[in-house]
Every structure is written in C-alpha cells, then in structure tokens.
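Written out below as structure tokens is the structure these notes cover.
The values are calculated or read from the model by the stated rules, or taken from the named source; none is laboratory data. Nothing here was measured: the structure is a model prediction, and the numbers come from that model. Cβ atoms come from the backbone with ideal geometry, glycine included; neighbour counts cover every protein chain shown.
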Amino acid sequence: MLYAILCYHDEDMVGSWSNEQDAAVMTRLAAVQDKLTKQGRLGPVARLLPTTAATTLRKDDPPVVLDGPFAETKEQLLGFYVVDCKNLDEALDVARDLGKANPGGAYEIRPVGHFTPGSVTK
C-alpha cells in the first residue's frame, strides 16, 4: 500500500537555517531516500516553497481565491514523501528514519486511496 508522509515543521525555523545547515539535513534525508529507492519503495518526494508562495482556493459558491495557506498554524506543511509499505507499522518505521535525519516538527502518515502515475514535462 502507498502511504503519504507529510512533513510539518516550523517554517521560520527551517527558513533561518544557513546553507550549510540545510545541506546537512538534505544529505541525511538523501541517505534515507537512497535506501528506499534501492528497495523500490520510494515514490514522489517534494519540498514545497514557503507558505508566502501559497495560494488557497476556497470551494465556496462562488469559489474564493486567497493569498497564502488556508490554515495558520505553528507548523506548516513543508513537503511530502509517497512510500510503498506493507502496513502502517512499516510506514511509521520510514517516518522514524526520516525523523532521525531531520529532527523537529512532525510527520503525518496517511494511506493513499488513489494514485495516478504520470509524467511531468518541463
């Protein structure tokens, strides 16, 4: 089953990291990603731009477009992983490995109900 691992953290804290600190975290995360890739279990991974670049479409009648993220919270959604796992326990193990590589914040784990693979062209 595919699981989405949604990465939440304090955006201001992550944004204040030096280039060296950010590169160190990304190197540690790459080690976890490489392991999952070799096992054929890693799907899409994305690091999102800051919430200042977000736009929200409220599905009202009529729809309303708002600048910024919908929810104002202490931690923001900063990225996600899609990982093929046998069950929730295995998905939690992956999230724990990611957490060791990038402490702080939280990971929300959700089963993926529908996935349509495709290609993105530049």
Some residue of the range 54-64 being part of a helix (DSSP H, G or I) and over 17 Å from the mean Cα position of the chain (by Cα)
no
Of all residues in the range 1-33, how many are more than 16 Å from the chain's Cα centre (by Cα) and among the acidic types (Asp, Glu)?
2
In the range 1-29, residue surrounded by the most Cβ atoms within 10 Å (Cβ to Cβ) [restricted to those that are among the aliphatic types (A, V, I, L, M) and more than 22 Å from Gln76 (Cβ to Cβ)]:
Leu2
Exactly one of Leu98, Leu49, Leu78 is in a helix (DSSP H, G or I) and out of contact with any Ser or Thr (no Cβ under 6 Å at 6 or more places or on another chain), and that one is Leu98
Name the residue, out of Thr56, Thr37, that is at negative phi, loosely packed, with under 15 Cβ neighbours inside 10 Å, at pLDDT below 90 and of a type in the set (Val, Ile, Thr).
Thr56
Screening Val65, Val94, Val83 for residues that are surrounded by fewer than 10 Cβ atoms within 10 Å (Cβ to Cβ) and not polar (S, T, N, Q) leaves only Val65
Select, from Leu88, Leu77, the only residue that is more than 16 Å from the chain's Cα centre (by Cα) and either modelled with pLDDT under 95 or surrounded by 11 or more Cβ atoms within 10 Å (Cβ to Cβ) (or both).
Leu88
